[in-house]
Amino acid sequence: MLITFRNVSRYYNDWPALENINLQVEQGEFLVVSGPSGAGKTSLFRHIWMGDLPSKGLVEVAGYSSDRIRKNDLPFLRRKLGIVFQDFRLLPERTVFDNVALPLQVTGTSTKAIRRRVFSLLAEMELNHRRSSYPHELSGGDQQRVAIARAMVSHPVILLADEPTGNLDPEVSRIVIDLLIDINRSGTAVILATHDPRQVPAGTAKFIYLDRGHLVNPNFWDGYRQL
Amino acid sequence: MIHLLKNAINEGLLNIRGKLGSFLITILMVSLSFMVFDIFLIISWNLGTVLKNEQENVGIEVFLSDNITEIESVNLADIISGMEGVRSVYFVSPEEAEAVFRADLPEQADLLTLLGPQFHLPPSIQISLQPDYRTSEKVGGLARSVSGMDGVEDIVYGKEYLPGLTRAVDILEKLVVLAGLVLALSLSLVVANTVRLAVTRRALAVQIMSIVGAPGWFVRVPFLGEGLLTGTAGSAGSLLLTVAVSWMLSPSVPHEFLPGKWIMLVLILGASSGAAGSWIGMKSGIPKPRS
Ligand SMILES: Nc1ncnc2c1ncn2[C@@H]1O[C@H](COP(=O)(O)OP(=O)(O)OP(=O)(O)O)[C@@H](O)[C@H]1O
Ligand SMILES: [Mg+2]
């Protein structure tokens, strides 16, 4: 099992962001997490990359466990993950090439290997002609695709995408979602947080719903009105 | 590993490149405040040298009574030379004293002639001391026991001058240590503040690096380097400025510049307070991995 949540609760000053969550994600799975604003989607993600630890319960990710992980282990856990945000979070003073190369640069990969990997990835994603551009020169869709390239450059086993289409129009969102589906087909587990689960075709993914920190059964869930 | 270190240094340069102007101003500020310290050091170093030279010359001059015989004075000199702390004694006869007087003060030589042949300078014994006896207390003690001896008329040594100088150098040394501490503290705080600003300015880069798996030290090295560089360049700059001032003043105020060891001390103080400042700045700036 790649990810296990066992009775996980997280309180911020007594306010439950996550409440008794049980969850498992397997190798190569596609998981869609939806729910209204403030439901706890981002909190759930933060527990996966262990930027936060549970108040109660246990999180296990790629062999690291929340009750035993040490500060020095965090970089090694995160090298197995790729993370994409709603607001892209590209570094503005670096070119597309350097943004995508960053995860390799901070882990001591040789310059030659970095060039080889980044060029082939940019070519694959049809971003090669943009490699010398700066983020602000790109459209939102291209910025998000660069962010996805950065997340994928070191071959993660899990890709976490937290509302990656939140700032994009429907057409571009379509392209980004298709890209995530492609990535999943090539074997990477993908976890996508979205307000609109209908973006992902049924059958491609497993769907879960969060409401005020609780996992809810979609069949009895009346939250669709809010989506 | 080499690649990683090289990349960390590049990150540091990237940090500084975006704010070269304010970086240089900070270094200048550090240099100017370090200059005060350097000047303190120079004064204390030079006074210390003067004191040391004075102490080399510290001796006791024992004036003997006029009617003492040659044999008595030689005996007295023998006794004194056997006392603790005395390195050597030298007997100065009235004739020799007169010759020295004439040589040292040729304009006053007429005075002796005027006083006539029946006047002559008193014979004396000059005592030079062992190095560890060249402090005001020990000289005083020795002088007191010699002054009680038969045939001793008067005794002269630098009792007025020495304790004052020793105390001045003492106080100055304490002031230098105090100035050094104040300076180290203020430099640390200045660097802590600029590093905290740098961390805030680069919050996104810090977050992204830690999220893509950069080791903790990789995130910290650029900021540590910035503090180290500010401290070292600042103290080196202060030394350059002080050399210039020292050179301009040397015709009117003769003095020596700091010796190599003290220059190293200034640089080490600069570098370590810079590094300490970075560390403080990062502690308050970089979020804990769990928050
Ligand atoms: N660091 C924090 N300190 C205090 N409260 C927090 C913190 N992080 C999250 N919360 C609270 O926890 C709840 C869940 O927040 P979270 O960001 O996980 O929701 P979300 O589902 O991602 O919402 P959105 O769709 O708006 O992104 C919210 O009520 C939020 O205010
Ligand atoms: Mg969120």
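Any read-out appearing in this document is the output of simple, stated calculations on the displayed coordinates, not a laboratory observation. Note that the structure is a prediction, hence the values are computed from the model and not measured. FYI the Cβ positions are ideal-geometry reconstructions off the backbone, even for glycines, and counts take in every protein chain you see.
In this Cβ point-charge picture (+1 for Lys and Arg, -1 for Asp and Glu), the protein assembly as shown has a dipole of about 4620 debye about its Cα centre. Shielding of peptide A:48-57 by partners, expressed as the average count of other chain Cβ atoms within 10 Å per residue Cβ, is 2. Think of the protein assembly as shown as having a plus end and a minus end, set by charges on the Cβ of Lys, Arg, Asp and Glu; of A:Ile175, B:Gly164, A:Ser139, A:Ile175 sits farthest toward the positive end of this dipole. Evaluated at q = 0.17, 0.18, 0.21 Å⁻¹, a Debye calculation over the C-alpha positions of region A:106-227 (equal weights, vacuum) places log10 I(q)/I(0) at -0.95, -1.04, -1.30.
Per residue of peptide B:203-211, the mean number of Cβ atoms on other chains within 10 Å of the residue Cβ is 6. A straight chain from B:Arg201 to B:Leu112 at 0.36 nm per residue would run longer than the Cα-Cα distance by 23.7 nm.
About its Cα centre, the dipole of region A:148-218 is roughly 240 debye, where the only charges are +1 on Lys and Arg Cβ and -1 on Asp and Glu Cβ.
Between amide H atoms placed 1.01 Å from N, distances below 5 Å from B:Arg87 occur with B:Ser128, B:Leu129, B:Gln130, all of them 5 or more places distant or on a separate chain. What FRET efficiency comes out for the pair A:Ile175/A:Arg116, r = Cβ-Cβ distance, R0 = 35 Å, nearest 0.05? In this case the efficiency is close to 0.85. Distances between placed amide hydrogens fall under 5 Å for A:Gly35 paired with A:Thr194, A:Leu210, all partners being 5 or more residues away or on another chain.
For region A:82-89, backbone phi angles converted through the Karplus equation (6.51, -1.76, 1.60; θ = phi - 60°) give residue-by-residue couplings of x, 10, 10, 10, 4, 9, 6, 6 Hz, Gly and Pro being listed as x. In order along region A:121-137, phi translates into HN-Hα couplings of 5, 4, 5, 4, 8, 6, 10, 4, 5, 9, 4, 9, 7, 9, x, 5, 8 Hz, rounded to whole numbers, per the Karplus curve 6.51 cos²θ - 1.76 cosθ + 1.60 with θ = phi - 60° and x for Gly and Pro. Once both labels are positioned 7 Å from their Cα atoms along Cα-to-Cβ, the gap between B:Asp154 and A:Gln24 label points is 10.9 nm. On full extension, the segment bounded by B:His255 and B:Ser65 gains 64.2 nm, given 0.36 nm per residue less the C-alpha separation. Enumerate the residues in region B:128-158 having an amide nitrogen under 15 Å from the point lying 7 Å beyond the Cα of B:Asp104 toward its Cβ. Counting only backbone N, you get B:128, B:155-158.
Whole-Hz Karplus values for region A:171-178 come out as 5, 5, 4, 3, 4, 5, 4, 4 Hz, taken residue by residue from phi with 6.51 cos²θ - 1.76 cosθ + 1.60 and θ = phi - 60°; glycine and proline positions read x. Partners of B:Lys52 within straight-line reach, counting lysines whose Cα lies under 29 Å from its Cα and excluding those fewer than 8 residues away in the same chain: B:Lys138, B:Lys159, B:Lys174, B:Lys261.
Amide H to amide H, with H built 1.01 Å from N, A:Thr107 comes under 5 Å of no residue 5 or more places away or on another chain.
Straight-line reach from B:Lys19: taking Cα to Cα under 16 Å and skipping same-chain neighbours fewer than 8 places apart, no lysines fall in range.
FRET efficiency for the pair B:Glu96 and B:Asp170, taken as 1/(1 + (r/R0)^6) with r the Cβ-Cβ distance and R0 = 30 Å, rounds to 0.20.
Spatially close Lys pairs in chain A, defined by Cα atoms under 29 Å apart and a spacing of eight or more places or different chains, total 10. Using equal-weight Cα scatterers in the Debye expression, the normalised intensity of chain B in log10 at q = 0.08, 0.09, 0.11, 0.13 Å⁻¹ is -0.59, -0.65, -0.78, -0.94. Once R0 is set to 25 Å, what does the formula 1/(1 + (r/R0)^6) return for the Cβ-Cβ distance between B:Phe119 and B:Glu72, expressed as a FRET efficiency to the nearest 0.05? It comes out at approximately 0.70. Note on the protein assembly as shown: dipole from Cβ charges, positive end direction compared against B:Pro106, B:Val243, A:Gly57; the farthest Cα belongs to A:Gly57.
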